[in-house]
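The values are calculated or read from the model by the stated rules, or taken from the named source; none is laboratory data. A quick note: this is a predicted structure, and the numbers were derived from the prediction, not measured. Don't worry about glycine lacking a Cβ; one is built from the backbone with ideal geometry, like all the others, and counts go over all protein chains shown. To get the accessible areas, we keep the full protein, side chains included, count just its heavy atoms, and leave off ligands, DNA and RNA. Shrake-Rupley method; radii C 1.70, N 1.55, O 1.52, S 1.80 Å.
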Amino acid sequence: MVLVSAVRDYISRMLQDISGMKVLILDSHTVSIVSVAYSQSELLQKEVFLVELVDSISKSRESMSHLKAVYFLAPTSENIQYLRRHLVAPRFGEYHLFFSNILKDTQIHILADSDEHEVVQQLQEFYADFVASDPYHFTLNVPSNHIYMLPAVVDHSNLQRFSDRVVDGIAAVFLALKRRPVIRYQRTSDIAKRIAQETAKLMYQQESGLFDFRRTEISPLLLVIDRRDDPVTPLLNQWTYQAMVHELIGIQDNKVDLRTIGKFPKDQQEVVLSSEQDGFFKKNMYENFGDIGMNIKQLVDEFQQISKSNQNIQTIEDMAKFVDNYPEYRKMHGNVSKHVALVTEMSKLVEERKLMLVSQTEQELACNGGQVAAFEAVTNLLNNESVSDIDRLRLVMLYALRYEKESPVQLMQLFNKLSSKSAKYKPGLVQFLLKQAGVDKRTGDLYGNRDFLNIARNMARGLKGVENVYTQHQPLLFQTMESITKGRLRDVDYPFVGNHFQQGRPQEVVIFIVGGTTYEESRSVALQNSMNTGIRFILGGSAILNSKRFLKDLEEAQRVARTSNAV
């Protein structure tokens, strides 16, 4: 049930049965899906000599009849139109068409009518319609991710497009896993309810034949929840490797663009951070920043040992050995310099932005009570000239989420201070966040102060002390997984769709967060899965957030809401 393997399997099946030289033609969506699962050298091994985008290949007229064209596209009407034009005047010897999701009958007819030259060898649906960034974490990379915050009356057609895309993505995950789940959703979220109901309709009515897999004793569970139930996690600074890289530099489809941070040699301007392709990263992606420094030093030391032995070339045999090992040596060299560059840059940012100071207060706001001390700490940081605008805004937001009901007067003082200190601060953004994700809107026990068990647990944790003050926060998702594991997820908060109920404890659970996931949450899922509780969790979302992206979505939703005055 590992997602990366499912996607890799689809791509292998697309390419291996077609002998000879091939061109792989993708769209802006499937290019992400393929690039995360397959490296360029692996594509070359499958005789793919050219990778093109469907819109750019449309502009060329050059005949390439010696190449076989393998198309892997999302079944959009736009892509069908591109294909129609390509088939009317074919440039390639053969056409093999694969779609990442369910095709409509009308689309199949259009393609059949266009194939006058009879160049199409096959047409198949391969359900890899999601980006499998890690074995248990996928994203749909939905472009207008802010839409989930708007009520249906504001932007009906865009909201429909958003929820269609999410339903299609979730359906593809279950088709790839060959499962049909029972479905639950977060009661307080309209968008979660809508997506859960439309997914159930697709799986149990419109395409029930397609989802009619051999029944497992206990059906898997799909739980659809709303990002706004835990607005704290995407606002926090991160201190574990993968999450920290995304927070401070940014990861897109498992790639990090280093051009944004400095001058690097051409082959290092964009680096891949993938647990599938990089052993050091796989071992360290969930480690604390302090430990990473030590582990990288070890990596550098090992590399220096190898370099030293390579300098000691005295005989022809030595030289032959060096040449044989050279690709491995080059790869190791690239890997060492990549991780050194990332950690050096992050250390610089931590120092410049005084992130250790800022983060300590963030963690206090997220994990511990004490309003008076919190107000003083936030005020001091707002007055600190080294603290950046985005960090000031996040601190005030975290304070507001925690103490909106307890200290409205102090909150107003912080708003005023924020607007006088931060030129870029958009008035009303913190208030808009409270309207979206304030205490009255949330289902879960975000601060562990509603439920007696959670209050006791927090006290015990406080007495025991935390291993690391910077990573004491646990996302709300952690509690949700615990509730599922113990069979305590309340029906009243997370109702079932239709009359499909769970008999017993599920063994497979997909949790989908409308509005996006974070790498802190995917780490929680990986740690939970490593505990072997008999339940395997998969996490998915409409995007992978860092604080910058979460704030951008919030600003965009606020802008649209203001122009329509409906929120």
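In region 1-26, which residue that is open to solvent by 40 Å² or more (accessible area, probe 1.4 Å) and of a type in the set (S, T, N, Q) is farthest from ASP253 (Cα to Cα)?
Among residues in region 1-26 that are open to solvent by 40 Å² or more (accessible area, probe 1.4 Å) and of a type in the set (S, T, N, Q), the one farthest from ASP253 (Cα to Cα) is SER19.
Could you tell me whether LYS46 is of a type outside the set (A, V, I, L, M, F, W, C), in contact with a helix residue (DSSP H, G or I) (Cβ under 6 Å, 6 or more places away or on another chain) and farther than 20 Å from ASP115 by Cβ?
Yes; evaluated as a whole, the condition is true for this residue.
Would you check which residues across region 203-213 are in contact with a Lys or Arg (Cβ under 8 Å, 6 or more places away or on another chain) and either buried (at least 24 other Cβ atoms within 10 Å of the Cβ) or at pLDDT below 90 (or both) and list them?
MET203, PHE211, ASP212, PHE213
Sort out which residues of region 68-119 are among the small types (Gly, Ala, Ser) and within 30 Å of the chain's Cα centre (by Cα), and write them in order of number.
ALA74, SER77, SER100
So, in region 151-207, how many residues would count as being out of contact with any Asp or Glu (no Cβ under 8 Å at 6 or more places or on another chain) and of a type in the set (Ser, Thr, Tyr)?
Here the count works out to 4.
With the structure loaded, tell me whether LYS266 is farther than 30 Å from VAL358 by Cβ, in contact with a strand residue (DSSP E or B) (Cβ under 9 Å, 6 or more places away or on another chain), free of Cβ contacts under 8 Å to residues at least 60 places away in the same chain and among the basic types (Lys, Arg) or whether it fails that test.
no
Residue under question is GLU508, and the condition is that it be in the same structural domain as ARG194 (by the TED database), of a type in the set (D, E, K, R) and surrounded by 20 or more Cβ atoms within 10 Å (Cβ to Cβ); does it hold?
In short, no.
Within region 130-137, does at least one residue satisfy the condition of being of a type in the set (A, V, I, L, M) and at pLDDT below 90?
No, region 130-137 has no match at all.
Looking only at region 270-311, how many residues end up being within 22 Å of the chain's Cα centre (by Cα) and either among the hydroxyl-bearing types (Ser, Thr, Tyr) or not in a helix (DSSP H, G or I) (or both)?
Of the residues in region 270-311, 13 are within 22 Å of the chain's Cα centre (by Cα) and either among the hydroxyl-bearing types (Ser, Thr, Tyr) or not in a helix (DSSP H, G or I) (or both).
If we keep just the residues of region 214-264 that are of a type in the set (Gly, Ala, Ser) and outside the structural domain of THR188 (by the TED database), which is surrounded by the most Cβ atoms within 10 Å (Cβ to Cβ)?
That would be ALA243.
Of the residues in region 398-434, how many are crowded, with 21+ Cβ neighbours inside 10 Å and under 14 Å from LYS552 (Cα atoms)?
Total meeting the criteria: 2.
Within region 499-516, is even one residue more than 28 Å from GLN197 (Cβ to Cβ) and at pLDDT 95 or above?
Checking region 499-516: not a single residue is more than 28 Å from GLN197 (Cβ to Cβ) and at pLDDT 95 or above.
Of everything in region 526-567 that's modelled with pLDDT of 90 or more, out of contact with any strand residue (DSSP E or B) (no Cβ under 7 Å at 6 or more places or on another chain) and of a type in the set (S, T, N, Q), which residue is surrounded by the most Cβ atoms within 10 Å (Cβ to Cβ)?
Here the residue is ASN546.
Can we say SER163 is of a type in the set (S, T, N, Q) and within 21 Å of the chain's Cα centre (by Cα)?
For SER163, the condition - of a type in the set (S, T, N, Q) and within 21 Å of the chain's Cα centre (by Cα) - is met.
Consider region 279-288. How many of its residues are crowded, with 20+ Cβ neighbours inside 10 Å and at pLDDT below 90?
0
Residues in region 349-369: is at least one part of a helix (DSSP H, G or I), more than 22 Å from ARG523 (Cα to Cα), at pLDDT 80 or above and acidic (Asp, Glu)?
yes
Kindly indicate whether PHE537 is out of contact with any Gly (no Cβ under 8 Å at 6 or more places or on another chain) and over 16 Å from HIS246 (Cα atoms).
The answer is yes for PHE537.
Taking region 446-483 as the search range and keeping residues that are under 30 Å from the mean Cα position of the chain (by Cα) and β-branched (Val, Ile, Thr), which one is modelled with the lowest pLDDT?
Ranking the candidates gives VAL466 first.
With the requirement that a residue be open to solvent by 40 Å² or more (accessible area, probe 1.4 Å) and touching a residue at least 40 places away in the same chain (Cβ under 8 Å), what does region 77-109 give you?
Answer for region 77-109, where residues must be open to solvent by 40 Å² or more (accessible area, probe 1.4 Å) and touching a residue at least 40 places away in the same chain (Cβ under 8 Å): just GLU94.
Do you know which residues across region 81-114 are of a type outside the set (D, E, K, R) and within 19 Å of GLY169 (Cβ to Cβ)?
PHE98, PHE99, SER100, ASN101, ILE102, LEU103, GLN107
Which of the helices (runs of 4 or more DSSP H) contained wholly in region 1-94 include at least 1 residues that are of a type in the set (Phe, Trp, Tyr) and at negative phi?
3-16, 77-88
Given the residues VAL182, VAL142, which is the only one that is touching a residue at least 40 places away in the same chain (Cβ under 8 Å), surrounded by 14 or more Cβ atoms within 10 Å (Cβ to Cβ) and touching a strand residue (DSSP E or B) at 6+ places or on another chain (Cβ under 8 Å)?
VAL182
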